[in-house]
Structures are given as structure tokens and as C-alpha cells.
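The values are calculated or read from the model by the stated rules, or taken from the named source; none is laboratory data. No experiment lies behind these values; they were computed from the predicted model shown. Backbone-built Cβ (ideal geometry, glycine too); neighbour counts: all protein chains shown.
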Ligand SMILES: [Fe+2]
Ligand SMILES: [Fe+2]
């Protein structure tokens with residue numbers, strides 16, 4: 001792993017870009033798990049993916065995009081506009097999938113399409129947006145943003161869905177919109193808004 005000497009002693013926990021890239025990898029793993037599973041296990045894997053995607057994209061919308069838009073001037077503006085368009089398209093596709101049963105015939109092709117879009121979006125962020133963050137933000141800023149992202153990671157939905165607990169029994173998984181709302185609140189509080 002790359003060590004970023006500009007950030008505190010523990011780069012994994014202090015550097016918002018490293019954390020976001022770790023979440024990208026976890027999102028990919030959770031999407032792969034959806035395709036590997038069937039029946040109830042697929043349903044559970046799908047909810048786990050939805051939860052992380054909601055937390056991740058909302059945190060980016062609240063923490064990263066506004067910073068890049070402000071600090072990155074014209075180039076930042078364009079990059080953020082492109083990323084927001086991709087995120088909106090993914091959310092639309094996800095809303096459709098949430099209405100679908102995981103064992104229906106339509107689910108898998110739609111999910112594969114969403115997976116490709118989510119991966120392309122993450123790649124674009126890593127290629128275009130995160131380097132801007134890296135070049136503009138000092139250690140204090142990276143840390144400030146990472147704290148808000150950590151707070152977002154702790155979000156558990158306020159409206160549990162019966163029967164969707166994880167094996168550990170403590171991870172209650174709700175619909176995308178509810179998780180996104182809760183994440184937004186938590187992140188704004190962490191940022192001091
Ligand atoms: Fe994103
Ligand atoms: Fe992302």
C-alpha cells in the first residue's frame with residue numbers, strides 16, 4: 001500500500017482518498033457476491049451492497065464533490081458535473097432494481113448493467129476527481145474529510161427491515177433512500193454544518 005507521508009501516522013484512517021478507494025474495492029466485492037449467490041443469500045448480499053453504495057455515494061456528494069467544485073475551479077466543476085450525472089443514472093437504475101425481486105428473471109441483467117456503471121463511475125473518480133483532491137488538499141483537510149467519511153461508515157439505517165439482519169444480527173439494512181438520508185445527516189454533523 002502507498003504510504004502518504006503528508007498525512008498523519010496512520011494513513012489508512014486519515015486519508016480520505018485511501019478510504020474512498022478502499023470503499024470502491026468493497027463495493028466491487030459486494031456486487032460480485034450478489035452474482036455469486038442465489039435465493040435468500042442473494043437478497044442479503046444485495047442489501048449489503050445497497051447499504052454501502054448509499055453510504056459511499058452520499059458521503060462523496062456531501063464531502064468530496066463540494067470541495068472539488070470549490071477548490072478545483074473550472075476543471076473541478078466539470079469533473080463534479082460528470083460524476084453527479086453518473087451517480088444520478090446509477091441511482092435511477094438502483095431504484096428500479098429495488099422494486100425487483102432478486103430471483104426474478106429481470107434482476108440479473110439489470111444488476112449486471114448497474115454493476116458496470118458503478119465500476120466505470122468509480123474508475124472515473126479515481127482517474128479524474130481523486131487526483132484533484134490529492135493535489136489540492138493539505139493533510140488537515142484530508143483528515144477533516146476522512147473523519148466525516150468514518151462517521152458515514154458507522155451509519156446504520158433507522159428503519160430496520162425485518163428479516164434482513166446480517167449473520168451477526170446487528171446490521172440492519174434498509175432501502176437506499178433511507179440510508180442516504182441518514183448518512184447525509186451524520187456527515188453534515190461531522191463536518192459541523
Ligand atoms: Fe461516486
Ligand atoms: Fe466513489
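Quick notes on this structure:
- Residue within the range 82-94 that is assigned to a loop (DSSP other than H, G, I, E, B) and surrounded by 15 or more Cβ atoms within 10 Å (Cβ to Cβ) present: no
- Taking first residues from the range 42-68 that are without any contact (Cβ under 8 Å) to a residue 24 or more places away in the chain and partners that are surrounded by 24 or more Cβ atoms within 10 Å (Cβ to Cβ), the Cβ contacts under 6 Å between residues at least 6 apart in sequence or on separate chains come to 45/34; 49/34.
- Count of the range 69-98 residues which are without any contact (Cβ under 8 Å) to a residue 40 or more places away in the chain and within 15 Å of ligand 1 (Cβ to nearest atom): 11
Here is a yes/no grid of residues against (1) at pLDDT 95 or above; (2) surrounded by 17 or more Cβ atoms within 10 Å (Cβ to Cβ); (3) in a helix (DSSP H, G or I):
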| residue | (1), (2), (3) |
| --- | --- |
| 31 | yes, yes, yes |
| 40 | no, no, yes |
| 48 | no, yes, yes |
| 60 | yes, yes, yes |
| 96 | no, no, yes |
| 101 | no, no, no |
| 123 | yes, no, yes |
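- Selection status of residue 87, within 11 Å of ligand 2 (Cβ to nearest atom) and in contact with a helix residue (DSSP H, G or I) (Cβ under 6 Å, 6 or more places away or on another chain): yes
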